[in-house]
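The values are calculated or read from the model by the stated rules, or taken from the named source; none is laboratory data. Computed from a prediction, not measured in an experiment: that's the story for all the values here. Here the Cβ is made from the backbone with ideal geometry for all residues, glycine too, and neighbour counts use every protein chain on show. Heavy atoms of the whole protein, side chains included, go into the accessibility calculation; ligands, DNA and RNA do not. Shrake-Rupley method; radii C 1.70, N 1.55, O 1.52, S 1.80 Å.
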Amino acid sequence: MRPFLLLLCLLLPGLLAVGQPVPYGNNAAAGHYQLVRGVKLYYEVHGNGHPLLLIHGNGGSIEKFKANIPYFAQRYQVIAVDSRAHGKSVDPGDSLSFEMMADDFAGLLTALHLDSVNVLGWSDGGINALLLALRHPSKVRRLASTGANLSPDSAALVPAVWKAQQRAYQANKGTAFPDPGKRNKWKVFTLDVLQPNIPLATLRQIATPAFIIAGDRDIITHAHTVAIYRNLRRAWLWIVPNSGHATLREHADEFNQKVDEFFQAKAIPALAH
């Protein structure tokens, strides 16, 4: 075999891999399991630098951050995790709460010997980012929360979304789900129907600087997003133009840059209350 043909044969597997999408959420090279509070949490580590914890939304997984991980992994040690009962983090229990999940993330950080990490959460992950700072303040250096709500009612959720959610809940309430997969999906769905129940005033206990984000066409009402911002001690607010709930996917480049700017800012001044 001629030398250049031999070289091509040796390089071909690597060449084919170039340009292939990284399988975020199912990555054998970056994936790990950690037993935390009775649940094997699946997480992936990408990049190097100051640690950044990524928390996805309801029914999601690490894969939802595929437009964000490559950017942040250039500067940070990205730790993306499947929440309990989501993705590859199997949860055999019947109950589920945001407080349980926030404590899970704190436990994972403890197991990894990490404190004072940056946190980026989307939707339910944004709720968990706020709760993590509230319940475990030493774990969070700064947090960015997009599309979060503190109550499960029509004051927080756009009325059409809230009504659709209620109809689905009432239609299936009391149903026995013998299939474990369907039972888990119902548990995850009802999490958002009945929770969270976090008084706005409790946010004033959070000293951690926060970046509160929502789309101008988000499923979270503008008034509720602004109320979250106004009840924090040190915070930035960004209502993303021409965006729905998926701000970090619909406007990934701008989103990544602005969140990075927040994490890198020298000081976040206190708000006047």
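Taking H placed 1.01 Å from N in the peptide plane, check which residues at least 5 places from ALA30 or on another chain put their amide H under 5 Å from its amide H.
Here nothing satisfies the definition.
Alpha carbon centre of the range 233-258 versus the range 34-103: separation in Å?
Using only Cα atoms, the two centres lie 20 Å from each other.
Taking amide H positions as placed in the peptide plane 1.01 Å from N, state which residues far from TRP236 in sequence (5 or more) or on other chains have amide H under 5 Å from it.
Residues meeting the amide H criterion: ALA210, PHE211, ILE212.
Step through the residues of the range 57-67 one at a time and calculate ³J(HN,Hα) from phi using the Karplus curve (6.51 cos²θ - 1.76 cosθ + 1.60, θ = phi - 60°), rounding each to whole Hz and writing x for Gly and Pro.
Running phi through 6.51 cos²θ - 1.76 cosθ + 1.60 with θ = phi - 60° gives x, 4, x, x, 6, 3, 4, 5, 9, 5, 8 Hz.
Specify the angular offset, from 0 to 90 degrees and rounded to the nearest 10, of the alpha carbon long axis of helix 252-264 from the longest principal axis of the alpha carbons in the chain.
Its long axis makes an angle of about 80 degrees.
State, to one decimal in nm², a quarter of the convex hull surface area for the C-alpha atoms of the range 164-273, i.e. the direction-averaged projected area.
9.3
How big is the Kirkwood radius of the range 43-96, worked out from every pair of different alpha carbons and given in Å to one decimal?
Averaging 1/r across every pair of different Cα atoms and inverting gives 11.6 Å.
Using just the helices of the chain, give the 222 nm mean residue ellipticity in deg cm²/dmol: DSSP H runs with n ≥ 4 each add -39,500 (n - 2.57), and the total is spread over all residues, rounded to 500.
Rounded to the nearest 500, it is -11000 deg cm²/dmol.
Please compute P(r) over all alpha-carbon pairs of the range 66-158, binned at 10 Å starting from zero, and give each bin as a whole-number percent.
15, 47, 32, 6, 0
Run the reach check for LYS187 against lysines, Cα to Cα strictly under 22 Å, same-chain hits fewer than 8 apart removed. What comes back?
Partners found: LYS40, LYS64, LYS88, LYS163, LYS173.
Apply the Karplus parameterisation 6.51 cos²θ - 1.76 cosθ + 1.60, with θ equal to phi minus 60°, to every residue of the range 187-204 and state each ³J(HN,Hα) to the nearest whole Hz, in sequence, with x for glycine and proline.
Working through the residues one at a time gives 4, 5, 5, 5, 3, 7, 6, 9, 9, x, 9, 10, x, 3, 4, 5, 5, 5 Hz.
I need the Kirkwood Rh of the range 125-207: take the reciprocal of the average 1/r across all distinct C-alpha pairs and report it in angstrom.
Hydrodynamic radius (Kirkwood, Cα pairs) of the range 125-207 is 14.6 Å.
Under the 0.36 nm per residue contour assumption, what length would be gained going from the current alpha-carbon distance of LYS266 and GLN166 to full extension?
31.6 nm
Under a Cβ-only charge scheme (Lys and Arg +1, Asp and Glu -1), can you give me the dipole magnitude of the chain about the Cα centre, in debye to the nearest 20?
Its charge dipole is roughly 160 debye.
Please compute the modelled spin-label separation between VAL22 and LYS66, points set 7 Å along Cα→Cβ, answer in nm with one decimal.
1.3
Quick one: accessible area per residue over the chain, 1.4 Å probe, rounded to a whole number of Å²?
The answer is 48 Å² per residue.
If only Cα atoms are counted, what is the Rg of the range 203-249, and what is its Dmax, in Å?
10.9, 33
Where the accessible area of the range 152-232 is counted over protein heavy atoms with a 1.4 Å probe, how much of it, in %, is carbon and sulfur?
Answer for the range 152-232: carbon and sulfur cover 59 percent of the accessible area.
Could you work out the relative contact order of the range 103-186, using alpha carbon pairs under 8 angstrom and six or more residues apart, expressed as a whole percent?
Computed over the range 103-186, the figure is 23 percent.
Give me a comma-separated list of calculated 3J(HN,Hα) values for the range 83-93, in order, Karplus coefficients 6.51, -1.76, 1.60 applied at θ = phi - 60°, integers in Hz, x for any Gly or Pro.
These are the phi-based 3J(HN,Hα) values: 4, 4, 6, 10, x, 9, 8, 6, 10, x, x Hz.
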